[in-house]
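This structure is in structure tokens; I'll ask about it shortly.
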Amino acid sequence: MPDPSAVPPEVTDDIRALIADAGITENVDLIARILVTGVGLGLDRADRLDLKITTAALGEMRAAFEHFAPFDGVPKVTIFGSARTRPDDPVYRAAASVAEALAESGWLVVTGAGPGIMQAAAEGAGAHRSLGVSIRLPFEDRPNSVIAENSRNVAMKYFFTRKLMLVKESHGFVCVPGGFGTLDELFELLTLQQTGKAEPTPIVLLDKPGGTFWHGLERFVDEQLAGSGLISPGDFDRLLITDSVEAAAQEITGFWRNYDSLRWVGDRLVLRLKAAPTDAEVDELSERFGSLLLSGRIERSEPLPAEADDEARADLPRLVLRLDQFKVGSLHRLIRAVNALDSAPKGPARAA
């Protein structure tokens, strides 16, 4: 029996003709899938609320993609924190200072564009180094004055689309003490990296001088989560907890000192580096991280045939390994070791 919710072939043909008439020549298959999905929702007789959610989410993502497009290739750091933090709070000053330090290193600072820590980070980075992704709330209906100065903001209705853009576009994250929203954003980051749904990136938990906010969370994680077997021992090691603005900025930039990017090719993981390691260094890495491998050793490699579409990274040295995907959450340890090699570049670093 035919599936009544299936999109008829003639409709699919009409959709492809529509795409051609619109002058779209790139990624035609993906554009067609988007339109076919829309038709499918109609055939499914989705109710009006479901359709409104779908329409709004897709529209918000399009607006956000356009918002970030001019800054493609510029490293970005997202700073999370409470909207309730006041300017006289030492945490406010810490957020402003780390944003200033990263902006001076060539990074763009991304925030939720609201008051509190979001305002502090935007002030520290300055209007020309700040981008905002705000949420439309009854009590927070406009971006803070720094973001508004250059109209570098995109407003979102849904938290899930906003969080997607705050995470997707950034190469590093700084969290300062905050409430439910800040903790939600932090644990989303941890979940994505623990499960391999997002590539490894540096995450810093920054507190005021002498502050204990994040150490309290660390105790809870060690005693209750790791202690109960709900996470793996060491899962929290991917984070840097510090009250030093300098250490926070160095953690963000240093993560990209030698590591450039990664790519899966079948069951092989390719790590692209900025500097070629020596034979001795590769042997030491293979011995040290052998427990992460499914089989074989860590080896140097030329670009694999499947990487031919990434011409920008064709000249980068590579390490290839068969990583046990159940241990993908530990990949950050290998990356940190790669960055600490004697062959790694010295001095300031930026994300690719």
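Can you pull out every residue in the stretch 104-127 that is more than 25 Å from Lys157 (Cα to Cα) and surrounded by fewer than 20 Cβ atoms within 10 Å (Cβ to Cβ)?
Residues satisfying the conditions are Glu104, Ser105, Gly106, Gly126.
I would also like to ask the following. Within the stretch 53-98, which residues are acidic (Asp, Glu), more than 19 Å from the chain's Cα centre (by Cα) and exposed (fewer than 14 other Cβ atoms within 10 Å of the Cβ)?
The answer is Asp88, and nothing else.
So which residues in the stretch 312-323 are under 23 Å from the mean Cα position of the chain (by Cα) and open to solvent by 30 Å² or more (accessible area, probe 1.4 Å), if there are any at all?
Ala312, Arg313, Leu316
Sort out which residues of the stretch 66-85 are more than 22 Å from Gly124 (Cβ to Cβ) and either in contact with a Ser or Thr (Cβ under 8 Å, 6 or more places away or on another chain) or not in a helix (DSSP H, G or I) (or both), and write them in order of number.
Result: Asp72, Gly73.
Restricting attention to the stretch 175-189, and to residues there that are in a helix (DSSP H, G or I) and open to solvent by 20 Å² or more (accessible area, probe 1.4 Å), which single residue is nearest to Leu239 (Cα to Cα)?
Phe187
Turning to a different aspect of this structure: If the requirement is being closer than 17 Å to Glu169 by Cα and outside any helix (DSSP H, G or I), which of these qualifies: Ala63, Ala103, Ala113?
Result of the check over Ala63, Ala103, Ala113: Ala113.
Give me the pairs, please: first residue somewhere in the stretch 113-133 and in contact (Cβ under 8 Å) with a residue 60 or more places away in the chain, second residue anywhere and assigned to a helix (DSSP H, G or I), beta-carbon distance under 6 Å, and either six or more positions apart or on two chains.
Ile117/Ala95; Val133/Arg162; Val133/Met165; Val133/Leu166
Which count do you get for residues in the stretch 188-234 that are in contact (Cβ under 8 Å) with a residue 60 or more places away in the chain, among the small types (Gly, Ala, Ser) and more than 25 Å from Trp256 (Cα to Cα)?
Going through the stretch 188-234 one residue at a time, the tally reaches 2.
Oh, and also: Test Gly172 against the stated conditions and say whether it is under 23 Å from Gly73 (Cα atoms), surrounded by 22 or more Cβ atoms within 10 Å (Cβ to Cβ), out of contact with any Cys (no Cβ under 9 Å at 6 or more places or on another chain) and in contact (Cβ under 8 Å) with a residue 60 or more places away in the chain.
yes
Yes/no matrix, rows are residues, columns are (1) of a type outside the set (A, V, I, L, M, F, W, C); (2) in contact (Cβ under 8 Å) with a residue 12 or more places away in the chain; (3) surrounded by 20 or more Cβ atoms within 10 Å (Cβ to Cβ); (4) within 25 Å of Pro345 (Cβ to Cβ):
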site	(1), (2), (3), (4)
Leu269	no, yes, yes, yes
Lys274	yes, yes, no, yes
Gly290	yes, no, no, no
Leu294	no, yes, no, no
Arg297	yes, yes, no, yes
Asp310	yes, yes, no, yes
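Would you mind stating whether Ala344 is under 30 Å from Thr212 (Cα atoms) and in contact with a strand residue (DSSP E or B) (Cβ under 9 Å, 6 or more places away or on another chain)?
no
Identify the residue in the stretch 146-159 that is assigned to a helix (DSSP H, G or I) and over 17 Å from Ile79 (Cα atoms) and, among all such residues, is modelled with the lowest pLDDT.
Within the stretch 146-159, the match that is modelled with the lowest pLDDT is Glu149.
So, one more: Could you tell me whether Ala280 is open to solvent by 20 Å² or more (accessible area, probe 1.4 Å), out of contact with any helix residue (DSSP H, G or I) (no Cβ under 9 Å at 6 or more places or on another chain), of a type in the set (A, V, I, L, M, F, W, C) and free of Cβ contacts under 8 Å to residues at least 60 places away in the same chain?
yes
So in the stretch 261-307, with the set limited to residues that are modelled with pLDDT of 95 or more and assigned to a loop (DSSP other than H, G, I, E, B), which one is farthest from the chain's Cα centre (by Cα)?
By that ranking, first place goes to Thr278.
The values are calculated or read from the model by the stated rules, or taken from the named source; none is laboratory data. What you see is a predicted model, and the numbers here were worked out from it, not measured in a lab. Because the Cβ atoms are built from the backbone with ideal geometry, glycine has one as well, and the counts that use them run over all protein chains shown. Calculation scope for accessible area: heavy atoms of the full protein, side chains included, ligands and nucleic acids excluded. Shrake-Rupley method; radii C 1.70, N 1.55, O 1.52, S 1.80 Å.
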